[in-house]
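What follows is calculated from the coordinates using simple rules that are stated; it is not laboratory data. Only a predicted model underlies this, so the values are computations on that prediction, with no experimental measurement involved. Here Cβ is always computed from backbone atoms with ideal geometry, including for glycine, and neighbour counts include all displayed protein chains.
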Amino acid sequence: MIYVIRHGQTDRNKEGRLQGRNGLPLNEAGLRQAQDLKHQLSHINFDYVFSSPQERAIQTAEIVTAMSCKVDTRLDVYDLGEADGLIKSEVIMNGPLPDSSCYDGVEDAESYMTRVLHFMEELTALHGAEDKHILISGHRCTTGAIGAYFHGIPKDQNILRFSSNNGEFKQYELHVRS
């Protein structure tokens, strides 16, 4: 079984700002959300814990599991480039993403999906035949991409429909694919 959690709240989340690789650690509400997740998942003995390299995701994973996590850069948040930290309502968007023709450094959506799906394919190949409990700590985009791994990429390409809110989790059955 795989448990995919989104990090707890940060001040940027609270302020309605886009938060990418220049994000902040958990605020007091985020620490409470992580403790709530810990309580909700306290009946699970995790065999593996993976996290995005962002501090807020690592904090959440370690609070929830009381274990060190393996950081994997493929789980890193979508790179928002120059839009990172801007107020969401003021950002020029192209669908669910900042418009890369307006902001330098915005990651290519296909490259983002490729790296997250590569992580999931490797995880499935290594552990899909095992009866293990795996926790992955990430971001709105990460939870959405992993949801798309299990449900398929929507026709409109908007993976965020599979996302979790701050401090929430989703669970999936991990099976070797034939």
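Remarks
- Sites Asp108 and Glu173 - FRET efficiency at Förster radius 35 Å, r taken between beta-carbons, to 0.05: 0.70
- Filter on Lys132/Lys155; Lys14/Lys132; Lys38/Lys88; Lys70/Lys170; Lys70/Lys155; Lys88/Lys155 - keep pairs with C-alpha separation over 26 Å: Lys132/Lys155; Lys14/Lys132; Lys38/Lys88; Lys70/Lys155
- A viscosity of 0.890 mPa s and a temperature of 25 °C, combined with the Kirkwood radius over Cα pairs in Stokes-Einstein, give a translational diffusion coefficient for the chain of 150 µm²/s.
- Net length available on complete extension from Asn94 to Asn22 is 23.8 nm, with 0.36 nm assigned per residue and the Cα-Cα distance removed.
- Antiparallel DSSP beta bridges within region 23-178, percent to nearest 5: 35
- Prolate/oblate/rounded call for region 109-178, Cα gyration tensor, a/c under 1.5 rounded: oblate
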